[in-house]
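Engineer: So that we are looking at the same thing, I have put the structure below in C-alpha cells.
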Amino acid sequence: MKTYCSSKRIVLIDHQPYWREISTNALRSSGFVVDICDTYNFLPEQEWEESENPDLVVLGCSGIRVEEQKLIDDVLARNHHLLVLCTSLSWLTMRNLFLKGVHDIVDKPYNPASLVKIVNQTLESTHPGKKYQPKERQGAA
C-alpha cells in the first residue's frame, strides 16, 4: 500500500480531547498536515484557501445524531472526501451514509498506527479508478 502522508491535509473533527490529541499526534508524526476542529462548526468554504483545501475530512463520533448528520451533509455538499470513524453504527445508518456519499466508515480506532493505516487506505481509494465503477452489461446476442 502506498503512503499518502506527504503534504496531504487532513481536517480532524471530534468532541473527545483525548482522541483528538492522540490522532493529531499520530497523523502529524506520519507527515500529514492536520487541522483540528473540536466542534461540528465546519469552516465556511469561502474561508478555505485553495492550498488549504483538505484532502480528507475525518469525523470521529460515537453515533450519528442530528448534529453529526448536519456536519456530514455540509462536508459532502462541498465535495470533500469524508471518513467517518464511529464507535457504534447500525448497518442501516452505515448504508444511508454511504448512499449520501461518505467515502468510508470504520470503527473508531484507539491505536495510532491503526488510524494512520485507515487514513492511508481511504486516501488511496479516493484516487480516480479506485472506487467501485459499475460497468454496462452486455445483453445476450
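Engineer: For the stretch 33-45, enumerate the residues that are surrounded by 13 or more Cβ atoms within 10 Å (Cβ to Cβ), within 19 Å of K108 (Cα to Cα) and of a type outside the set (S, T, Y).
Structural biologist: V34, D35, I36, C37
Engineer: While we're looking at this one, here's another question. In the stretch 27-60, how many are among the hydrophobic types (A, V, I, L, M, F, W, C), part of a loop (DSSP other than H, G, I, E, B), out of contact with any Cys (no Cβ under 6 Å at 6 or more places or on another chain) and modelled with pLDDT of 90 or more?
Structural biologist: Summing the residues that are among the hydrophobic types (A, V, I, L, M, F, W, C), part of a loop (DSSP other than H, G, I, E, B), out of contact with any Cys (no Cβ under 6 Å at 6 or more places or on another chain) and modelled with pLDDT of 90 or more in the stretch 27-60 gives 0.
The values are calculated or read from the model by the stated rules, or taken from the named source; none is laboratory data. This structure is a prediction, so every number in the text was calculated from the model and none was measured. All Cβ positions, glycine included, derive from the backbone under ideal geometry; neighbour counts span all protein chains shown.
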